[in-house]
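Some notes on the structure that comes next.
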Amino acid sequence: MERVFVDTDILMDLLSARQPHYEAAANLFSLADEGKIKIYVSSLAFSNLFYILSRHLDTNQARKKIIQFKTLVSVLSVGDKVIDLALSSDFRDFEDAIQYFTAIENRLEILLTRNLHDYKKANILVMTAEQFLLSSS
């Protein structure tokens with residue numbers, strides 16, 4: 001089974017039904033629901049998701065969406081080493097650095113994001129959800 005790390009932007013595409021990216025995100029998570037891929041996210045993603053969703057939904061609705069979503073993913077911890085690597089990296093976006101090093105520390109070889117330009121120096125495969133879906137079909 002293919003294992004992929006998914007960045008927060010794709011998670012928000014799914015949970016907020018953001019167009020034009022919702023369809024790719026929904027198809028990606030359908031693969032996880034069918035047991036064809038395993039999706040990993042960082043624990044940091046949950047605070048980001050809750051913050052963004054609760055700006056548009058009431059707290060209970062945001063919580064319900066996240067509870068349903070959590071059944072489709074495996075959550076990876078963000079620990080001291082990841083934070084140290086992110087702080088000493090040359091990533092311009094600190095959150096992206098945390099996501100990247102969480103994937104690296106957990107030996108994941110594919111990171112899915114819509115921010116390809118922020119991962120130019122990555123040592124793992126970085127692609128969009130659309131690119132991943134095309135390559136896996």
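Values for this structure:
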| read-out | value |
| --- | --- |
| Considering residues of the range 101-129 that are part of a helix (DSSP H, G or I) and touching a Lys or Arg at 6+ places or on another chain (Cβ under 9 Å) only, the residue nearest to His21 (Cα to Cα) | Ala129 |
| Which listed residue is crowded, with 16+ Cβ neighbours inside 10 Å and either of a type in the set (Phe, Trp, Tyr) or within 13 Å of the chain's Cα centre (by Cα) (or both), from Tyr119, Tyr51 | Tyr119 |
| Residue list for the range 1-46, filter: in contact with a helix residue (DSSP H, G or I) (Cβ under 9 Å, 6 or more places away or on another chain), surrounded by fewer than 17 Cβ atoms within 10 Å (Cβ to Cβ) and among the small types (Gly, Ala, Ser) | Ala17, Ala26, Ser43 |
| Qualifying residue in the range 109-120 (condition: among the polar types (S, T, N, Q), closer than 17 Å to Leu44 by Cα and at pLDDT 95 or above) | yes |
| Top-ranked residue of the range 75-100 - restricted to ones that are among the β-branched types (Val, Ile, Thr) and outside any helix (DSSP H, G or I), ranked as farthest from Leu14 (Cα to Cα) | Val78 |
| Single condition Ala45 does not satisfy, out of (1) of a type in the set (Gly, Ala, Ser); (2) without any contact (Cβ under 8 Å) to a residue 24 or more places away in the chain; (3) on the phi < 0 side of the Ramachandran plot | (2) |
| Selection count where residues are more than 25 Å from Ser135 (Cβ to Cβ) and not in a loop (DSSP other than H, G, I, E, B), scope the range 24-74 | 22 |
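The values are calculated or read from the model by the stated rules, or taken from the named source; none is laboratory data. Since we're looking at a predicted model, the values are computed, not measured. Virtual Cβ from ideal backbone geometry, glycine too; neighbours counted across all protein chains shown.
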